[in-house]
1. I need the full set of residues from region 80-109 which are touching a strand residue (DSSP E or B) at 6+ places or on another chain (Cβ under 6 Å), under 25 Å from Tyr166 (Cβ atoms) and open to solvent by 30 Å² or more (accessible area, probe 1.4 Å), in order please.
2. Looking at Asp53, Asp77, Asp73, can you tell me which residue is without any contact (Cβ under 8 Å) to a residue 24 or more places away in the chain, more than 22 Å from Pro38 (Cα to Cα), surrounded by fewer than 21 Cβ atoms within 10 Å (Cβ to Cβ) and among the acidic types (Asp, Glu)?
3. What's the total number of residues in region 111-147 that are open to solvent by 30 Å² or more (accessible area, probe 1.4 Å), of a type outside the set (Gly, Ala, Ser) and more than 30 Å from Val2 (Cβ to Cβ)?
4. Pick from region 119-147 the residues that are assigned to a loop (DSSP other than H, G, I, E, B) and over 14 Å from the mean Cα position of the chain (by Cα): which of them is nearest to Glu179 (Cα to Cα)?
5. Which members of region 83-100 meet the condition of being among the β-branched types (Val, Ile, Thr) and under 12 Å from the mean Cα position of the chain (by Cα)?
6. Among the residues of region 40-50, write down those that are open to solvent by 20 Å² or more (accessible area, probe 1.4 Å) and outside any loop (DSSP other than H, G, I, E, B).
7. Would you call Ser5 on the phi < 0 side of the Ramachandran plot, among the small types (Gly, Ala, Ser), open to solvent by less than 70 Å² (accessible area, probe 1.4 Å) and modelled with pLDDT under 90?
8. May I ask you to list the residues in region 59-70 that are open to solvent by less than 30 Å² (accessible area, probe 1.4 Å) and either assigned to a strand (DSSP E or B) or in contact (Cβ under 8 Å) with a residue 40 or more places away in the chain (or both)?
Amino acid sequence: DVTRSRESRKILITAYVEDWTEKVTSSVCDDFGLAGTPIVIQNRDELLAFLSDPTKNKAGQTAIISANSIDLDKDKDGNTDLWSEETKFDLNATLNIGGCTLRTSSQFLNDISASGQILNGTIAVKSGSNVETVVCKDNYGSISYLDVTADATSTASKAGIAVVNYGNISRCSSAITVEGASDTDFVGGIAAKSIYQDGEIAVEPIIDRCIV
């Protein structure tokens with residue numbers, strides 16, 4: 001995937017190689033071939049710092065997680081600190097999960113903006129968890145090569161990945177059971193709705209090569 005940015009003529013190139021053990025890596029370079037350095041995230045605190053910093057979590061920025069696994073419900077001292085409503089953020093940058101498994105009992109992000117994208121990793125929903133959706137509420141950007149895992153005791157009330165998809169969801173999978181309440185209009189294994197934005201330049205919403 002090649003993503004062009006308006007900021008400093010940066011181009012993000014992300015490679016995904018199937019049936020190989022090496023992690024997927026991201027690099028940022030301008031049109032003269034000069035490489036930049038993506039933001040490296042190694043733990044929950046650094047992930048929170050990235051998402052909450054508007055100078056980092058913005059269009060054109062790239063972050064990559066270098067850890068194998070992160071428990072989103074534990075602080076740096078190992079104490080329980082749920083990834084709750086207070087710690088949900090919009091994603092405006094590119095977040096490459098880098099093959100990491102993010103373990104959580106709640107929804108990961110609020111919205112993914114048109115400039116945001118998340119890719120290449122696993123979000124594992126903990127046993128007994130009940131969420132509205134796993135990745136985000138509204139997706140205006142891109143979600144790709146992302147796997148949602150869960151056991152039979154965990155459920156989503158609206159969708160496995162995004163409640164409403166206005167952007168692109170591709171090569172993703174979801175294994176969480178979706179059980180809508182009696183007053184829920186739409187549910188979906190990937191997205192409950194995939195629709196055009198009202199009053200915006202028409203961008204076709206796409207769900208492509210996903211598995212439920």
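The values are calculated or read from the model by the stated rules, or taken from the named source; none is laboratory data. Note that this is a predicted model, so its numbers are computed, not measured. With ideal geometry, Cβ positions are generated from the backbone for all residues, glycine too; neighbour counts draw on all protein chains shown. All accessible areas refer to the heavy atoms of the entire protein, side chains included, with ligands and DNA or RNA removed. Shrake-Rupley method; radii C 1.70, N 1.55, O 1.52, S 1.80 Å.
1. Within region 80-109, Asp90 is the sole residue that qualifies.
2. Sole residue among the options that is without any contact (Cβ under 8 Å) to a residue 24 or more places away in the chain, more than 22 Å from Pro38 (Cα to Cα), surrounded by fewer than 21 Cβ atoms within 10 Å (Cβ to Cβ) and among the acidic types (Asp, Glu): Asp77.
3. Residues in region 111-147 being open to solvent by 30 Å² or more (accessible area, probe 1.4 Å), of a type outside the set (Gly, Ala, Ser) and more than 30 Å from Val2 (Cβ to Cβ): 3 in total.
4. Glu132
5. Thr94, Ile97
6. Once the filter is applied, which keeps residues that are open to solvent by 20 Å² or more (accessible area, probe 1.4 Å) and outside any loop (DSSP other than H, G, I, E, B), region 40-50 yields Val40, Asp45, Glu46, Leu48, Ala49.
7. Yes.
8. The answer is Gly60, Thr62, Ala63, Ile64, Ile65, Ile70.
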